[in-house]
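Read the figures in this text as sums done on the coordinates, not as results from a lab. A quick note: this is a predicted structure, and the numbers were derived from the prediction, not measured. Glycine also receives a Cβ, built like all others from the backbone with ideal geometry; neighbour counts cover every protein chain displayed.
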Amino acid sequence: MQKNVIIGLGAVAVVAIIIGAGIGVYLANSNDKKIPGFEKDTGTVYGNADGNCYIDENDITVMRSIMDGKSSLNDYPFADANCDGEVNNDDIAIVNKYLAKEECTLKVLDSEEKVIDVKYPITNIMVLCGSNLAPLMNVLDVSDRIVGAAYTSNKFDPVRDYPIDQGVKNGTITKLTTDGTAADFTAITNLKDKKDCHFFMTELSSMYPIDSDENVTVLNGMGIDVVRMEARDPGQDLRSLAVFGILLNKSDNVKEYQDYINSVYKNIGDKIGDTAHKKVLISSLTSNLSGPGSGYTVMLNMAKLDNVITTGDSSQKVKDGDTWFLDPKYASDFLYLGSSCGYNDTGFKAKDITTYTDLYKNHNAWKTNNAAYIYSTSIPVVVRVAYYAETAYPDLFEDGFAHNLHQEYVDKYFKAPEYKVNDDLCMKKISS
């Protein structure tokens, strides 16, 4: 059952970051949403003492070292598997039960820094796949355990979400939404009772009302554990994947993926080097521009680009007739404008292009620099970063860099047979 509890020292939350061979501790106010410096590869499940993407014998070694006084819980906060403030044989017993796949309660630090109780082992699962968690489901390779699935548009991308889409079509996976996004509690109740499904994994986002705080309370009351994790923010997506990998015993898949993604980001960084960062405005949807607290800003940073919006919330609402972003302080080298274009679509929606044209045609990046791009928010995070980097620094990347990376990603992780990437569904210049 979900608990809105912050584990901390006094009034502050404990968050682990990897430093050298151990874990350091970053202290933040308990109401902080973003945790600066959080190690992106850490599976934040208590019992994962050494702070990687596995719970294994190495974690027991760390626990014994703390019990012997050779190490400190302050340096290894996830060694306290039952979150009672100390490390002892009870914590080792939880790890041993995990390794033996015996019944126990695992505690997860979710993306809102709340501690969630999860009944383990987990057999059947329900999922809410937004456009960022959906590609990661292919990495986890758990489609045979998914009995219920929800997606915001009430449909799944037949390429990116191929296993789930096929499961919905052949009846082995039940859709969990009605009218697009509303929770179908009748379907959820049936799966909980008939499939013994007590775990709901979701992408943290206010866009998806099926896992609103109110609905999570209802689901918890039904005996369903809900873990909401951020999947849009580079770094946080790998942390979230590590959490789900531990809970679902898929840590080997996660480690291979982490190594691959980290090598891609390093390659992009090495190619750009110390080049001065270019300036960008970025929109995730036609109704807003992303602010400094958004995962989209982090994506830009991975491509060595700077968001010119540096104050305010994670998004700045944009309405018809607004001109505030035409102020010279928001001048930028590029406009990146998001659209939910899917892999099976024929092209970007004409209404999105029209809306963006009407809103931003007088912005300097559009009017003067001829550098406004519409891009798909349906493609994996790392692929988006590659498209941003190549379009912003074309002289530093070989032609087709992002396309080739995208095709490699699809070949490695998508299950759809022999899909060939169409760049016109990924990134397209719309200024002229």
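Starting from the Cα-Cα distance between Asp274 and Thr357, subtract it from 0.36 nm times their residue separation and give me the gain in nm to one decimal.
Using 0.36 nm per residue and subtracting the Cα-Cα distance, I get 26.6 nm.
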* Structure fact -> Taking the dipole of the chain about the Cα centre (Lys, Arg +1; Asp, Glu -1; charges at Cβ), the one of Ser284, Tyr46, Val147 that reaches farthest to the positive side is Ser284
* Structure fact -> Cα extents of region 68-170 per principal axis, largest first, Å, are 55, 27, 19
* Asked: Residue separation times 0.36 nm, minus the C-alpha to C-alpha distance between Asp399 and Glu256: what's the value?
  -> 48.8 nm
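Of all DSSP beta bridges located in region 273-429, what percent are antiparallel, nearest 5?
On the way: 7 of 19 bridges.
Close to 35 percent.
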* **Inter-centroid distance (Cα atoms) of region 384-399 relative to region 223-291, Å** => 18 Å
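Please grab the % of Cα pairs in region 308-372 that end up more than 13 Å from each other. Could you put the intermediate results ahead of the total?
Details: 1429 of 2080 pairs.
In whole percent, the share of Cα-Cα pairs in region 308-372 beyond 13 Å is 69.
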* **Full-stretch length increase - Glu86, Asn267 - with 0.36 nm per residue and alpha-carbon distance subtracted** => 61.0 nm
* Among Ala416, Ala389, Ala303, whose mean-square fluctuation peaks in a Gaussian network model of the chain (Cα, cutoff 10 Å)? -> Ala416
* Structure fact -> Each label sits 7 Å from Cα toward the beta-carbon; between Lys70 and Lys349 the label points are separated, in nm, by 5.9 nm
* Structure fact -> Expressed as a percent, the portion of alpha-carbon pairs in region 122-232 spaced more than 21 Å apart is 25 percent
* To do: Would you list, by chain and number, the aspartates and glutamates whose Cα falls below 20 Å from the Cα of Lys266, excluding same-chain residues fewer than 8 positions away?
  => Glu39, Asp41, Asp233, Asp237, Glu256, Asp274, Asp306, Glu390, Asp395, Glu398, Asp399, Glu408
* Asked: Give me the log10 of I(q) over I(0) for region 189-292 at q = 0.14, 0.17 Å⁻¹, as the Debye formula computes it from C-alpha points; what are the numbers?
  -> -0.80, -1.00
* Structure fact -> Over the Cα atoms of the chain the radius of gyration and the largest Cα-Cα distance (Dmax), both in Å, equal 22.0, 68
* Would you please put 241-253, 344-356 in order of how densely packed they are, using the mean number of other Cβ atoms within 10 angstrom per residue and starting with the highest? => 241-253, 344-356
* Structure fact -> In the structure shown, of Lys367/Lys428; Lys114/Lys317; Lys279/Lys367; Lys194/Lys412; Lys349/Lys420; Lys278/Lys351, the pairs separated by more than 24 angstrom at the C-alpha atoms are Lys114/Lys317; Lys194/Lys412; Lys278/Lys351
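Reported to two decimal places, what Rg/Rh ratio describes region 273-429 when computed on Cα atoms with Rh from the Kirkwood expression?
Values: Rg = 15.3 Å, Rh = 16.0 Å.
Across region 273-429, the Cα-based Rg/Rh ratio is 0.96.
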